[in-house]
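Participant: Have a look at this one before I ask anything.
Any read-out appearing in this document is the output of simple, stated calculations on the displayed coordinates, not a laboratory observation. Fair warning: this is a prediction, and the values are worked out from it, not measured in the lab. Don't worry about glycine lacking a Cβ; one is built from the backbone with ideal geometry, like all the others, and counts go over all protein chains shown.
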Amino acid sequence: MKYTRIAALAALGVAATLSLTVCDSDDSGMDSSSKSSSSSSSSSSDGDSKSEGGSGSDGSEAGNAKSGSGKGTDARANAANGTETGGKVTFCKTEDLAIDATDAAPDVDSGRIDIIMINRGSTTCSATGFAGVDIKDADNTSPPIERGHAQPRVTIPKPGDAAVFNLAYDIDHTGDSPASPTDIEVTPPNETHTVSLKWPAGAGESKGAYPDVEVDPTHTTK
């Protein structure tokens, strides 16, 4: 009987040991499966993250490309407008202008003298604005002429083209005018060098005196 009980207890001990071993094995399998699943999830997450990072980089490059494209557009616009270095239009220099004065009176009562400035330079230049004008009188006085009320117009003559402005006044028919003009002193717009022109033959004298003469802004002949 004792041997039978001992054998039975031994058998029970072996069964318990086997049961514990099986449980440990199952737990280990679950742990490794969980770790494997976690690792797989982590790898997937890292891959997605890298993928998203790549998209962000591409988007940034595309944004930079667009930005560069915009700058190119601005550069072309500036070039078209002549605002790039070397593309600016400079003011016409007196030495590059062939200047002459002609009588252009539209009728017997309205005096008008056209001052014609031909661009003899090699590049287009700007003659926009009002020229400075003094009229030299026989008594050697040179009173300045006032500007008219007309608004300046863009005047950019190419080589060979002309910019024109005129002097306007009322002609005196009484013979009592105090004015006796001999020369017209002209300083082109935005210049400091002056040229002296003879008062055109046949141009009438002004009424009152030179303060009644007005100079208009330049314009092109085309």
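Participant: What is the extension gain from R120 to E214, computed as 0.36 nm multiplied by their sequence separation minus the C-alpha to C-alpha distance, in nm to one decimal?
Facilitator: Details: separation 94, 0.36 × 94 = 33.84 nm, distance 2.70 nm.
Stretched out fully, the R120 to E214 stretch lengthens by 31.1 nm.
Participant: Follow-up. What does the extension gain come out to for F91 and A150, with contour length at 0.36 nm per residue minus their alpha carbon separation? Before the final figure, lay out each step's value.
Facilitator: Numbers: separation 59, 0.36 × 59 = 21.24 nm, distance 2.06 nm.
This chain segment gains 19.2 nm when fully extended.
Participant: Just the number, please: Stokes-Einstein D of region 94-220 in µm²/s, Kirkwood Rh from C-alpha pairs, 25 °C, 0.890 mPa s.
Facilitator: Numbers: Rh = 14.8 Å.
D, rounded to a whole number, is 166 µm²/s.
Participant: A follow-up question, please. Which of I116, I145 has the fewest other C-beta atoms within 10 Å, and how do the rest follow up to the most? Intermediate results must be reported in sequence, preceding the final value.
Facilitator: On the way: I116 17, I145 22.
In increasing order of surrounding Cβ atoms, one gets I116, I145.
Participant: Find how much the distance from D176 to N140 grows on full extension, using 0.36 nm per residue of separation minus their present alpha carbon separation; answer in nm with one decimal. List each step's numbers first, then the result.
Facilitator: On the way: separation 36, 0.36 × 36 = 12.96 nm, distance 1.89 nm.
Separation in residues times 0.36 nm, less the Cα-Cα distance, equals 11.1 nm.
Participant: Take the Cβ-Cβ distance between D109 and E185 as r, set R0 to 35 Å, and report the resulting FRET efficiency rounded to the nearest 0.05.
Facilitator: Numbers: r = 26 Å, r/R0 = 0.74.
Approximately 0.85, to the nearest 0.05.
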